[in-house]
1. Given LYS49/LYS170; LYS27/LYS49; LYS27/LYS75, which pairs have Cα atoms separated by over 29 Å?
2. Only helical DSSP H runs with n ≥ 4 go in: add -39500 (n - 2.57) per run for the chain, normalise by residue count and round the 222 nm mean residue ellipticity to 500 deg cm²/dmol.
3. I'm checking a number: the convex hull volume of the Cα atoms of region 17-72, normalised per residue, in Å³. What is it?
4. Out of every Cα pair in region 126-253, what percent are spaced more than 26 Å from each other?
5. If I model a spin label at LYS253 and ASP169 as a point 7 Å from the Cα along the Cα→Cβ vector, what separation in nanometres do I get?
6. Are there DSSP H segments in the chain that both extend 18 Å or more along their axis (alpha-carbon positions) and score a mean Kyte-Doolittle hydropathy of at least 0.5? List them, or say none.
7. What translational diffusion coefficient, in µm²/s and rounded to a whole number, does the Stokes-Einstein relation yield for the chain at 4 °C and a viscosity of 1.567 mPa s, taking the hydrodynamic radius as the Kirkwood radius over Cα pairs?
8. Starting from the Cα of ALA190, step 7 Å along the direction of its Cβ; do the same at VAL100; then give the gap between the two resulting points in nm.
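Read the figures in this text as sums done on the coordinates, not as results from a lab. No experiment lies behind these values; they were computed from the predicted model shown. All Cβ positions, glycine included, derive from the backbone under ideal geometry; neighbour counts span all protein chains shown.
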Amino acid sequence: MLETLTGQSTGTITLVAAAAALAAAIKGTLGFGFPPVATPLIAGIIGAKTAVVALAIPGLLQNIAQAWSGRVHLKRCRPLLPLLAALVVGSLGGAYLLTVLPAHLATMLVGVAVVVYALLAMFRLEPTLPPTWAGPVGVGVGLVAGLLGGATGIFAPLLVLYLTAVRLDKEQFTAVISIAFFVGQVPQIAGYAGLGLFTADRLLLSAVMIPPAAVGFALGTAVRSWMSQRVFVVAVQVALFGIGIRLVLEAMK
């Protein structure tokens with residue numbers, strides 16, 4: 001039945017579901033990582049554009065869950081309003097870019113930036129952003145992250161760089177970045193719908209990914225609850241480095 005509706009074989013659907021579960025487990029643990037991990041894996045199975053569009057809805061549901069569980073930290077978002085506003089604008093433009101931009105160009109830029117930051121962080125050269133600069137820098141980061149996120153489905157790298165520079169603890173970080181993802185994804189999904197990218201087979205693939213992603217997400221959230229702040233920081237740095245290298249390699253194919 002599913003094979004007929006989605007146009008994919010049982011084996012393909014199984015691989016897509018497994019990739020979604022793995023990526024969601026990482027998302028649950030670190031607060032980010034669902035699109036950066038799932039998109040390259042699933043794109044190799046069903047194609048890049050289908051992967052980006054189909055992953056949008058499962059990703060949105062996870063961000064809603066994390067933002068709600070961390071709602072006590074919502075006050076931390078007030079200084080980030082310029083970032084969030086710019087994200088909305090960038091996401092709308094990025095949704096259009098998905099239809100015209102060579103995806104490997106955006107992917108390469110993001111990957112290089114992430115690798116450089118991760119290396120600096122591993123050598124304890126992490127940048128710190130003074131509060132007076134948080135707003136102006138946030139506008140630029142939000143605009144670029146929105147453009148790249150709308151075009152590739154990957155908002156995380158630049159947002160992670162920014163939020164680690166403003167120094168949030170692990171629970172604040174997870175809540176705030178999920179809210180940022182949510183703010184970016186709503187116009188992204190609206191743009192995809194307006195451009196006719198949500199075809200019936202892509203929506204069905206989204207539906208197929210939701211149950212395994214929910215299981216992986218719950219497991220990852222449980223892991224984060226006992227993870228120390230230092231281990232969390234190291235895990236974020238290692239994950240960023242791995243994601244950056246993967247993005248660069250994907251762009252070079």
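1. Result: LYS49/LYS170 exceed 29 Å.
2. Helix-only estimate at 222 nm: -28000 deg cm²/dmol.
3. So the per-residue hull volume is 64 Å³.
4. More than 26 Å apart: 32 percent of the Cα pairs in region 126-253.
5. 4.1
6. Long hydrophobic helices here: 10-30, 48-69, 81-100, 103-122, 131-152, 170-194, 200-226, 229-252.
7. Approximately 72 µm²/s, per Stokes-Einstein.
8. For ALA190 paired with VAL100, the spin-label model returns 2.0 nm.
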